[in-house]
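Worksheet: the structure to be examined is printed underneath.
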Amino acid sequence: MAEKIEVGIIGATGYTGGELLRLLSRHPGVEVTFVTSEQSAGKKIDELFPSLTGIINLTLKKIATIEKSSKPDLFFVALPHGTAMTLVPSLLEKGVKIIDLGADYRLNKPALYQEWYHLDHLNPGLLTQAVYGLTEVYRKKIKSASLVANPGCYPTSILLPLYPLLKEGLVDPDFPLIIDAKSGVSGAGRSPDIRTHFSEADEGIEPYKTGRKHRHIPEIEQEIEHFSGQYRPITFTPQLLPISRGILSVIYLKLKTKKIFLEDLYKKYYDQEPFVQILKPGLSPNPKNVRGSNYCHIGFSKDPKTGVISLYSAIDNLTKGASGQAIQNMNLMFGLEETSGLASPGIFP
């Protein structure tokens, strides 16, 4: 058997870091050799993630110790925006491949990054070198990439159902793209926040960051422009669900023509994709059905009176929306079977 790929996780104690550890622990071709946490350095992984007791026996270290560590083949970087860009250039110079699960390399224009994140990008030249890691769309580029910008969770759930229609030029440009997306509270991260406190979130549902305030908007619009060749603003309403995991996105649009069979089109694009499932007519995606998996479920319907098409998608925000997709991209970057370590179905109930 070939030697295992060695990987490190920078920022291993958040929800995405924990999900990476869970999934990589059963990956036959990978060994996690280095994990960092600034606040929990010196502690064992199972002190932060008791679910990994007896499975991963690593001690968390500070980022500064990277120079003293044996060099992994790849680093997953799971840090808040503004921090990854201080580390990535030096790691790339050492020949290490990078998958950034944060926002620092998702936008390809420095001015756009500054507008939405209120920071000047420290290495704007890398923005055009980074490959956007929406696996089903950019698979060929990801295979040869050294730096992959893993998509955000909302964008993944929105762009996968939109891609076939935009790529084929079928979307009516005169009708607004309206997106209603609902996410579980883990999407807000592991740091304490009153909005995600149990007694605040339970038994309720709340729109947040409305009116073009959500930072995933420019990422979605950037990719829509790549798919279609023209800029299209979106109306995006994210909402917080009282569940731990999952995203359900609903996209409203009109088509240029009535002479299109949606089921045939989506089969053309996704029938051979291992992690995108087009549901049979009459079935609707539900985040509960993809919980803990790397699958995206897609459905659609048409209102016969208004002509409005509704696209539906469900993903687990921590898996296909973050760590699972990152591992899918890692598999491509190292010539591994794309589904390796990810083939498990959703947990139900």
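The values are calculated or read from the model by the stated rules, or taken from the named source; none is laboratory data. All of these numbers come straight from a predicted model, not from anything done at the bench. Here Cβ is always computed from backbone atoms with ideal geometry, including for glycine, and neighbour counts include all displayed protein chains.
Within the range 194-209, one or more residues are β-branched (Val, Ile, Thr), assigned to a loop (DSSP other than H, G, I, E, B) and modelled with pLDDT under 95.
Would you mind stating whether GLY299 is farther than 28 Å from GLY11 by Cβ, free of Cβ contacts under 8 Å to residues at least 60 places away in the same chain and buried (at least 21 other Cβ atoms within 10 Å of the Cβ)? Yes: the conditions hold for GLY299. Residues in the range 139-156 that are of a type in the set (Ser, Thr, Tyr) and surrounded by 20 or more Cβ atoms within 10 Å (Cβ to Cβ) were compared, and the one that is farthest from PHE75 (Cα to Cα) is TYR154.
For the subset of the range 1-43 comprising residues that are part of a strand (DSSP E or B) and not aliphatic (A, V, I, L, M), which member is farthest from PRO72 (Cα to Cα)?
As a first pass, look at the range 1-43 and keep what is part of a strand (DSSP E or B): 5-10, 30-36.
Subsequent filtering for residues that are not aliphatic (A, V, I, L, M) retains 6, 8, 31, 33-34, 36.
Working: GLU6: 5, GLY8: 6, GLU31: 9, THR33: 7, PHE34: 8, THR36: 13 Å.
In this case the residue turns out to be THR36.
Listed conditions (1) of a type in the set (A, V, I, L, M); (2) surrounded by 15 or more Cβ atoms within 10 Å (Cβ to Cβ); (3) out of contact with any helix residue (DSSP H, G or I) (no Cβ under 7 Å at 6 or more places or on another chain) are all met by ILE347, apart from (2). Quickly run through the range 300-349 and pick out the residues that are among the aromatic types (Phe, Trp, Tyr) and under 18 Å from VAL30 (Cβ atoms). Passing the criteria: only PHE334. Tell me, which residue of the range 91-123 that is assigned to a helix (DSSP H, G or I) and among the charged types (D, E, K, R) is surrounded by the most Cβ atoms within 10 Å (Cβ to Cβ)? Step by step, filter the range 91-123, then rank; the result is GLU115.
Does LEU283 count as of a type in the set (A, V, I, L, M), outside the structural domain of VAL137 (by TED's automatic domain parsing), touching a Gly at 6+ places or on another chain (Cβ under 8 Å) and closer than 30 Å to LYS256 by Cβ? Answer is yes for this residue.
Of all residues in the range 276-294, those that are of a type in the set (A, V, I, L, M, F, W, C) have Cβ atoms under 6 Å from Cβ atoms of residues that are assigned to a loop (DSSP other than H, G, I, E, B), 6 or more apart or on another chain, in VAL290/ASP316; VAL290/GLY346.
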